[in-house]
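Encoded as structure tokens, the structure appears first; notes follow it.
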Amino acid sequence: MPSRTPRQPAAESGPDRADIDAGLSDELAAVVSGARRRALRDGDRQIDTAHLLHSLLESDPEVRAAFDSDPQVARLLGYLVQRSIGYGLRWQGTVEDSRAVPRVAEEGWSPAAADAMEEAGERAVLRGDARARGADLLAAVVADPRSRAVEVLGRAGVDAGALLVRIENGVETAAEARAEIGVDVGVEDYVSGGGPGD
């Protein structure tokens with residue numbers, strides 16, 4: 001007899017959620033929480049790489065510092081906030097999987113997003129850190145050329161390859177330099193829901 005218990009949204013709960021969350025820094029845990037809320041709000045069954053990118057940009061100054069300029073970040077956020085009413089509509093009901101052979105992801109995560117979370121942890125270990133940071137996750141997301149996040153980057157005019165090189169060359173130095181001149185001023189307007197026109 002079929003269960004009468006309502007199925008919980010995948011983006012809200014899942015058997016592997018604790019495993020993924022366990023290896024995160026406090027900062028990255030907040031990013032994942034934000035991505036999960038955005039997925040639920042958009043009515044998506046899974047957190048995908050575009051959700052992760054959006055949450056990273058909203059909450060992590062080190063991630064924003066990896067981009068060329070504040071106008072570039074603002075334009076990117078402008079595209080991301082239009083997901084539920086624009087380009088992202090065609091993603092509804094589909095699974096983000098950049099692999100040649102589709103596979104089943106952890107409940108609540110697209111295969112590409114789950115892979116990015118795993119790679120972020122691996123990057124942290126190689127760096128000698130026990131927990132991944134936002135820059136680790138950004139690098140993992142950008143390294144997948146077929147991810148939804150890379151598609152959005154392209155729409156916003158961001159060269160994903162060049163971005164990855166900047167991340168690999170040291171986001172910390174860029175973050176410190178940009179913080180000194182206050183280049184993050186104005187980005188919050190886009191984080192709160194505004195954005196440029198196409």
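Could you rank Thr94, Thr49 by how accessible they are, 1.4 Å probe, largest area first?
Highest to lowest solvent-accessible surface, that is Thr94, Thr49.
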(message) So the label point goes 7 Å from the Cα of Arg90 along Cα→C-beta, right? Which residues of the stretch 51-76 then have their backbone N under 18 Å from it?
(response) 51
(request) Give me the number: length gained by fully extending Arg146 to Ala30, i.e. 0.36 nm times residue separation minus the C-alpha to C-alpha distance, one decimal in nm. (result) 39.2 nm
(request) Between Val125 and Arg37, with labels modelled 7 Å along Cα→Cβ, what's the label distance in nm to one decimal, could you check? (result) 3.1 nm
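The values are calculated or read from the model by the stated rules, or taken from the named source; none is laboratory data. Computed from a predicted model, the values in this text were never measured in an experiment. Glycine gets a Cβ as well: all are built from the backbone with ideal geometry, and neighbour counts include every protein chain shown. What goes into the accessible areas is simple: the full protein's heavy atoms, side chains included, and nothing from ligands, DNA or RNA. Shrake-Rupley method; radii C 1.70, N 1.55, O 1.52, S 1.80 Å.
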